[in-house]
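**Q** Before I ask anything, let me first share the structure, which is written out below as structure tokens.
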Amino acid sequence: MDRKILHLDLDAFFCAVEELHDPSLKGKAFAVGGRADQRGVVASCSYAARMFGVHSAMPMSRAKQLCPDLIVVSSRHGNYSEVSKKVMKIIEITPFIEKISIDEAFIDVTGIGEPIEKVAQDLQHKINTQCQLPISIGGATNKLVAKIANDWGKSQKRSTEPPNTITIIPPGDEAKFLAPLPVQSLWGIGPKTAEKLAAIGITTIGGLAETSPASLEALLGRFGPELIDRAKGIDNRPIEMEHETKSISNEVTFAKDISDEAYLLNTLRALSEKVGGRLRKESLAVSTIQIKMRWADFSTITRQTTLLSVTNLDQEIFSAASTLFYENWPKGKPVRLIGVGVSNLGPPVYQLNLWDDDHQKEEKLLHAVDELRERFGRDIIKRAGQVIKKEKFDKPEESGD
């Protein structure tokens, strides 16, 4: 039996949610993100804005140049999560759901007796009517083709309105559908790989499918031959219902370059606390701590250290991060961005030692603090050292993964 896989993507999700709060935005060129005068970045933009060349991850200042009348709306992350949960609840028609992000998911509907087209139409109708959100759906026998089908279907509708499309590729038509598409439509092929392929005359997925494995291995190494199966529309990956967290990080981009040592350390501590809180929420601990710093000229460094034992305590994360900071920050050098990340994640199993009881007490205390912050906001509890004068600096733009 052929599998029936759907790829669902909420069209311009952040913008669609903002339109629910402010219907006057509908049809207008607007972007969700940070302010242009504070080095903001476009998180999402309306389809009307895309007509001017605006796209996500673009500096807001550049977006304003392309579209001078662009309306900038600050993001409401908590609200997006709530709306996303409502959508995800609707698509729970099968347990085989792979949530990719807040606005994207795969579902395996093989076990549902209805045709895949009917399942897609029903889901789209429910999300359109119950959540008042546009959603585009791609369907095929595997995740690779379903995702590409969805992207292709959306690209065919050039309009100031969200696509809200459904594109289904019948079993057996995978290679035929992919053949005329550019090679960069395939996962794993970026601009540099596409450039190498173009140099030997391969510009379409069909051309890639007909290339000999030996030629691709000579050009791209062991990765090359794997592309042939993808180019033929072969993808046997299952739906992954649980994702293993491999790393956690938080960073801030300052509105103005910061050279104040106390402020930078205060920011590092706040980021360490957020990372620690996320670790405890997922019952994880780490052994590798990393910091990231970007200078005024946009050059960026990352440095990391590995601890002797795992931790999810804020102070231990901050201690490692601050050590890396002092080892790599030329005193007084302005910083544009600073971040804290952790990796080598695992269960919070600690080596028993003389300090084990203290460690458990600290973790229990932090769990209590986490609960208070969850209920009343992050500012409900602060360390005394964190209450410093911030009015001389503009509020930084924060991100995390």
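**Q** Check 56, 74 and return the single one that is of a type outside the set (Val, Ile, Thr), free of Cβ contacts under 8 Å to residues at least 24 places away in the same chain and not assigned by TED's automatic domain parsing to the domain that holds residue 257.
**A** Of the residues listed, the single one that is of a type outside the set (Val, Ile, Thr), free of Cβ contacts under 8 Å to residues at least 24 places away in the same chain and not assigned by TED's automatic domain parsing to the domain that holds residue 257 is 56.
**Q** Name every residue in segment 37-53 that is aliphatic (A, V, I, L, M) and without any contact (Cβ under 8 Å) to a residue 24 or more places away in the chain, in order of residue number.
**A** 42, 49
**Q** Filter segment 177-205 down to the residues that are among the small types (Gly, Ala, Ser) and over 28 Å from the mean Cα position of the chain (by Cα) and list them by number.
**A** The answer is 179, 198, 199, 201.
**Q** Filter segment 128-160 down to the residues that are modelled with pLDDT under 95 and in a loop (DSSP other than H, G, I, E, B) and list them by number.
**A** 156, 157, 158, 159, 160
**Q** In this structure, does residue 91 turn out to be out of contact with any Pro (no Cβ under 9 Å at 6 or more places or on another chain) and in contact (Cβ under 8 Å) with a residue 40 or more places away in the chain?
**A** yes
**Q** Another question, if that's okay. I'd like to check something: does segment 23-36 contain any residue that is under 21 Å from residue 129 (Cβ atoms) and free of Cβ contacts under 8 Å to residues at least 12 places away in the same chain? Can you show your working first?
**A** As a first pass, look at segment 23-36 and keep what is under 21 Å from residue 129 (Cβ atoms): 23, 25-27.
Right, trim to free of Cβ contacts under 8 Å to residues at least 12 places away in the same chain and you get 23, 26.
Taking every residue of segment 23-36 in turn, at least one turns out to be under 21 Å from residue 129 (Cβ atoms) and free of Cβ contacts under 8 Å to residues at least 12 places away in the same chain.
**Q** Is it the case that residue 311 is touching a helix residue (DSSP H, G or I) at 6+ places or on another chain (Cβ under 9 Å), crowded, with 20+ Cβ neighbours inside 10 Å and more than 30 Å from residue 147 (Cβ to Cβ)?
**A** Yes: the conditions hold for residue 311.
**Q** Right, next: Sort out which residues of segment 88-104 are among the charged types (D, E, K, R), over 19 Å from residue 116 (Cβ atoms) and not in a loop (DSSP other than H, G, I, E, B), and write them in order of number.
**A** Selection gives 89, 99.
**Q** Of (1) small (Gly, Ala, Ser); (2) part of a helix (DSSP H, G or I); (3) surrounded by fewer than 19 Cβ atoms within 10 Å (Cβ to Cβ); (4) touching a residue at least 24 places away in the same chain (Cβ under 8 Å), residue 283 satisfies all except one. Which?
**A** (2)
**Q** Let me ask something additional. Any residue at all in segment 225-248 that's among the small types (Gly, Ala, Ser), under 30 Å from residue 213 (Cβ atoms) and assigned to a loop (DSSP other than H, G, I, E, B)? Spell out the reasoning first.
**A** Taking segment 225-248 and keeping what is among the small types (Gly, Ala, Ser), we get 231, 233, 247.
With under 30 Å from residue 213 (Cβ atoms) added as a condition, the list becomes 231, 233.
From what's left, assigned to a loop (DSSP other than H, G, I, E, B): 233.
Yes, because at least one residue in segment 225-248 is among the small types (Gly, Ala, Ser), under 30 Å from residue 213 (Cβ atoms) and assigned to a loop (DSSP other than H, G, I, E, B).
**Q** Hey, residue 113 hits all of (1) part of a helix (DSSP H, G or I); (2) out of contact with any helix residue (DSSP H, G or I) (no Cβ under 9 Å at 6 or more places or on another chain); (3) surrounded by fewer than 16 Cβ atoms within 10 Å (Cβ to Cβ) but one; which does it fall short on?
**A** If we test residue 113 against (1) part of a helix (DSSP H, G or I); (2) out of contact with any helix residue (DSSP H, G or I) (no Cβ under 9 Å at 6 or more places or on another chain); (3) surrounded by fewer than 16 Cβ atoms within 10 Å (Cβ to Cβ), just (1) comes out false.
**Q** Right, next: Does residue 197 fit the bill of being in the same structural domain as residue 19 (by TED's automatic domain parsing) and either in a loop (DSSP other than H, G, I, E, B) or farther than 30 Å from residue 27 by Cα (or both)?
**A** no
Conditions tested, residue by residue: (1) surrounded by fewer than 20 Cβ atoms within 10 Å (Cβ to Cβ); (2) hydrophobic (A, V, I, L, M, F, W, C); (3) outside the structural domain of residue 80 (by TED's automatic domain parsing).
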site	(1), (2), (3)
14	no, yes, no
34	no, no, no
37	yes, no, no
41	yes, yes, no
51	yes, yes, no
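**Q** Also, I was wondering about something else. Under 8 Å between Cβ atoms, at least 6 apart or on separate chains: pull out the pairs that start in segment 99-123 with a residue that is within 10 Å of residue 139 (Cα to Cα) and end on any residue that is surrounded by 15 or more Cβ atoms within 10 Å (Cβ to Cβ) and among the acidic types (Asp, Glu).
**A** Cβ pairs passing all conditions: 106/98; 107/98.
**Q** Picking from 221, 201, which residue would you name as being more than 21 Å from residue 6 (Cβ to Cβ), exposed (fewer than 13 other Cβ atoms within 10 Å of the Cβ), out of contact with any helix residue (DSSP H, G or I) (no Cβ under 9 Å at 6 or more places or on another chain) and among the small types (Gly, Ala, Ser)?
**A** Of the residues listed, the single one that is more than 21 Å from residue 6 (Cβ to Cβ), exposed (fewer than 13 other Cβ atoms within 10 Å of the Cβ), out of contact with any helix residue (DSSP H, G or I) (no Cβ under 9 Å at 6 or more places or on another chain) and among the small types (Gly, Ala, Ser) is 221.
The values are calculated or read from the model by the stated rules, or taken from the named source; none is laboratory data. Everything numeric in this text was worked out from a predicted model, so none of it was measured. Positions of Cβ are backbone-derived with ideal geometry, glycine not excepted, and every protein chain shown enters the neighbour counts.
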